[in-house]
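Novice: Encoded as structure tokens, here's the structure I'll be asking about.
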Amino acid sequence: MPGASVRTTCPYCGVGCGILAKASGAHAAEISGDPSHPANSGRLCSKGTALGDTLGPGGRLLHPLIRRRDGTLRQVHWATALDRVADGFSAIVDRYGPEAVAFYLSGQLLTEDYYVANKLMKGFIGSANVDTNSRLCMASSVSGHRRAFGADVVPGTYEDLDTADLIVLVGSNAAWCHPILFQRIAANRRTRGAKVVVIDPRRTATAEEADLFLAIAPGMDSVLFCGLLVHLADTDHIDRDYIEARTSGFAAALNGARALAPNVVATAAATGIAPEKIAEFFALFAETACVVTAFSQGVNQSAQGTDKVNAIINCHLATGRIGRRGAGPFSLTGQPNAMGGREVGGLANQLAAHMGFAPAEIERARRFWNAPRMATREGLKAVAMFEAIGRREIKALWVMGTNPVVSLPNGSAVREACGQLDLFVVSDNVIATDTIDAGAHVLLPAAGWGEKDGTVTNSERRISRQRAFLPLPGEARPDWRIVCEVAQRFGFADAFSFSSAADIFREHAALSGFENDGTRAFDIGALAELSDEEYAALAPVQWPLPKTAPGRERFFADGSFFTPDHRAQFVSPVAPGPRAALTGHHVGHGRLSPAAAPLLNAAERQAIEPVDLGQWPTDRRRGYTAGIHRGMVGTLRQRKVRTLRRGRSAHVDSRPSRSMCS
Ligand code: SF4
């Protein structure tokens, strides 16, 4: 489809930059930033800029394949492969029950793909064993938000990064991981004089740009923010009226904080930061009204991740700095559609449309879907799911668009577990991954970026369209269509008769507004009746967008939260426990050869401190371990390009340095 530029969205990270893509042949495109997209206003980092280089045909999975007894793969018709999947899952459910099957999804899937997979498993197969690689990067933030706000909500917008007077980056190397947002922060610092504080065990590229860098001991973020809460209270920099009228639990949280970090000296001793630097940070925070505290994987990927998130939120609640322009806690999402996946219930402890497993919520989803076999309790989360596979309790698994053998902890156990499955299905767009190598029985060729159509939601709750501008190669199909065809073979033709991504989006939007009445944060009911043409032309929009009430840019400006008493909840801190062991796949540590690491990420290799300072125990998610182990360094670049094609950003080590950003 050569011709005009198509407006679409970058598939790499949660910034969600708009892109103009113009096909130039079947496997190439000219890429530029979309000036009209609010996330990036035309700018792209090096990853987005290089998207056109990732569209080549090499390494694609182009046809359905089934593994023979001798381990080789043979090409089959789509009907044969789909029958094998449907018959195999059905037989296992009939014999062992619905808890014996599972789906493992990806933050790189589109919302429409996620929606049908979740609907099939939770409403029609009757199990909640649906989880996603997004759990690895976002579960702590989700839990922290739910504990404090009663809902999985990021209150602010990117505009707050432009208008804050103080931006605190905690566990975030935004210069590499969210480059376009970092450019906005740097522009604010340059043009408005905003101060930037970076809190991280490593002196990253982001730290180099900070006004104040706090080299914190790993795992001590919650102690630092406990110390800050105490300081704010002791120096009378809290908003007592807000605390009284809009929150619960302040006294207990403050007492708990005081026990952990009673003063600057104690905070310094626990965090390893010089007392004068702590005092400087505390004073800056106390005296600046417009503060955004942005956090990312250094906070999330931790045994204390949820407590870290709540320790940060506590300080914003205590000062009433939330829901206001230029102020609030801000979770920076790693994956391009981690938030969209959660909107439709991509996690095992969610149902759909921000509903859980309370009886009324199960019943509501059942009525909306006219579902014959609703899941009635939470399913197994990612790690537990693969442990259950290892114990042979789960016997059939469908992995869509991700590589758990590489991305999950204890990869060798995950590989071994996958090899024991009675039925192991992988839908992907590449023919070789560590997970496929673990013995997948059925391979289903899925569409890649530029070939598929749907929506994604970025870190600021903005839903943007990914649009197709290239033809589907070989026999590849969109993920949603593959799931629907399997569902139809299960006997659920009516419920999965979607003919387009637009069809699915309308149902998804309608469910979000179904019996909502403001009780659930996620509501895009106003989009439930979009025509095909309106869906095709949909401009980036932020939720909520209820049908019968105006949308709002920020949550909680009115001081009302989604908790039962509508008050925000302070969470009492817990003393940090011992640190979990870091993975042996850490770059520069153990299994990555010194020769390979610079190929994967020269900039990080140079910057990384000794591994014991690292706060990111899932560096293994960058992948390529199988290739490295086989000494395939020469093929790494090829595999990287193939993997990138579908926007597998969580599994590639392609972080740009700031100097590479355009
Ligand atoms: S990788 Fe992230 S910051 Fe870079 S262009 Fe894509 S969405 Fe934007």
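None of the figures in this text is laboratory data; all of them are computed from the coordinates on show. Source: prediction; values computed, not measured. Cβ sites come from the backbone with ideal geometry, for glycine too, and all protein chains shown count toward neighbours.
Novice: Given the chain, what percent of its DSSP beta bridges are antiparallel, to the nearest 5?
Specialist: 40 percent
Novice: Could you give the distance between the Cα centres of the stretch 146-200 and the stretch 434-468, to the whole Å?
Specialist: Distance between centres, Cα-based: 28 Å.
Novice: When only C-alpha pairs under 8 Å and at least 6 residues apart count, what is the relative contact order of the chain, in percent?
Specialist: Result for the chain is 22 percent.
Novice: Moving on to the next point. Rounded if a/c is under 1.5, else prolate if a/b beats b/c, else oblate: with a ≥ b ≥ c from the C-alpha gyration tensor eigenvalues square-rooted, which is the stretch 406-475?
Specialist: oblate
Novice: While we're here: Relative contact order for the stretch 331-443 using alpha-carbon pairs under 8 Å, separation at least 6, rounded to a whole percent?
Specialist: 17 percent
Novice: In addition: Where the centroid of each part is defined by its Cα atoms, how far is the stretch 530-559 from the stretch 66-133 in Å?
Specialist: 33 Å
Novice: While we're on this one: Among the listed pairs Lys22/Lys47; Lys122/Lys395; Lys22/Lys452; Lys452/Lys547; Lys119/Lys381; Lys308/Lys395, give every one whose C-alpha distance is greater than 26 Å. Intermediate values should be presented prior to the final figure.
Specialist: Values: Lys22/Lys47 17 Å; Lys122/Lys395 17 Å; Lys22/Lys452 15 Å; Lys452/Lys547 28 Å; Lys119/Lys381 17 Å; Lys308/Lys395 36 Å.
Table pairs above 26 Å Cα-Cα are Lys452/Lys547; Lys308/Lys395.
Novice: Roughly what angle does helix 479-490 make with the longest principal axis of the chain, taking Cα atoms, 0 to 90 degrees, to the nearest 10?
Specialist: Helix 479-490 and the main axis of the chain meet at about 60 degrees.
Novice: Tell me, what is the percent relative contact order of the stretch 6-54, built from C-alpha pairs under 8 Å that lie six or more residues apart?
Specialist: 30 percent
Novice: Using 7 Å Cα-to-Cβ label points, what is the Asp234/Ala493 separation (nm, one decimal)?
Specialist: It works out to 7.2 nm between the two label points.
Novice: Follow-up question, since we're still on this one. Net charge around Leu110, counting only other residues with Cβ within less than 9 Å of its Cβ (Lys, Arg = +1; Asp, Glu = -1)?
Specialist: Value of the local net charge: -3.
Novice: For a footprinting-style exposure proxy, rank Ile92, Ile312 by other Cβ within 10 Å, fewest first.
Specialist: Result, fewest neighbours first: Ile92, Ile312.
Novice: Here's another thing I want to ask about it. Summing +1 for each Lys or Arg and -1 for each Asp or Glu, what net charge is found among the other residues whose Cβ lies under 15 Å from the Cβ of Arg552?
Specialist: That works out to +1.
Novice: So how tilted is helix 305-319 from the main axis of the chain? Cα-based, degrees 0 to 90, rounded to 10.
Specialist: Relative to the chain, helix 305-319 is tipped by roughly 40 degrees.
Novice: Going from the alpha-carbon gyration tensor of the chain, what semi-axes, largest first and in whole Å, does one get by taking the root of 5 times each eigenvalue?
Specialist: So the three semi-axes of the chain are 38, 28, 25 Å.
Novice: Also, quick follow-up: Please return the longest range in the chain lying between exposed loop sites, taking trypsin sites (Lys or Arg not before Pro), DSSP loop only, at most 13 other beta-carbon atoms within 10 Å, and leaving the sites out.
Specialist: Answer from the scan: 70-376.
Novice: Give me the one-decimal Kirkwood hydrodynamic radius in Å for the stretch 148-248, with the sum taken over alpha-carbon pairs.
Specialist: Radius from the Kirkwood sum: 15.3 Å.
Novice: Suppose we keep just the DSSP beta bridges with both residues in the stretch 20-175; what percent of those would be antiparallel, to 5?
Specialist: About 70 percent, rounded to the nearest 5.
Novice: On to the next question. Once the convex hull of the alpha carbons of the stretch 6-54 is built, what does its volume come to per residue, in cubic angstrom?
Specialist: Spread over its residues, the Cα hull of the stretch 6-54 gives 60 Å³ apiece.
Novice: Would you mind getting me the FRET efficiency between Asn263 and Glu208? Use the beta-carbon distance for r and R0 = 41 Å, nearest 0.05.
Specialist: The value I calculate is 0.85.
Novice: Among Leu530, Leu260, which comes first, then next, by fewest other beta-carbon atoms within 10 Å? Numbers along the way, then the final one.
Specialist: Values: Leu530 16, Leu260 23.
Ordered by Cβ neighbours within 10 Å, fewest first: Leu530, Leu260.
Novice: Return one number: the angle in degrees, 0 to 90 and rounded to the nearest 10, between the long axis of the Cα atoms of helix 501-513 and the longest principal axis of the Cα atoms of the chain.
Specialist: Tilt relative to the chain: about 40 degrees.
Novice: Taking the stretch 139-334 on its own, what percent of its Cα-Cα pair distances exceed 20 Å?
Specialist: Counting pairs separated by more than 20 Å, the tail of P(r) holds 50 percent.
Novice: Which FRET efficiency value, to the nearest 0.05, is calculated for Ala252 and Asp558 with the Förster distance at 22 angstrom and r the Cβ-Cβ distance?
Specialist: 0.30
Novice: Ok, one more. Would you kindly give the portion of the calculated P(r) for the stretch 416-560 that falls above 27 Å, as a percent of all Cα pairs? Don't skip to the answer; put the middle values down first.
Specialist: On the way: 4012 of 10440 pairs.
Cα-Cα pairs of the stretch 416-560 separated by over 27 Å account for 38 percent.
Novice: Net charge near Pro471: determine it from the other residues with C-beta under 13 Å of the C-beta of Pro471, scoring Lys and Arg +1 and Asp and Glu -1.
Specialist: The answer is 0.
Novice: Arrange the following residues from fewest to most other Cβ atoms within 10 Å of their Cβ: Val230, Val76, Val456.
Specialist: With the sparsest Cβ surroundings first, the list reads Val76, Val230, Val456.
Novice: Here is a further query. In nm, give the distance between the simple-model label positions of Glu378 and Ala575, each being 7 Å from the Cα along the Cα-to-Cβ direction.
Specialist: With each label placed 7 Å out from Cα toward Cβ, I get 2.6 nm.
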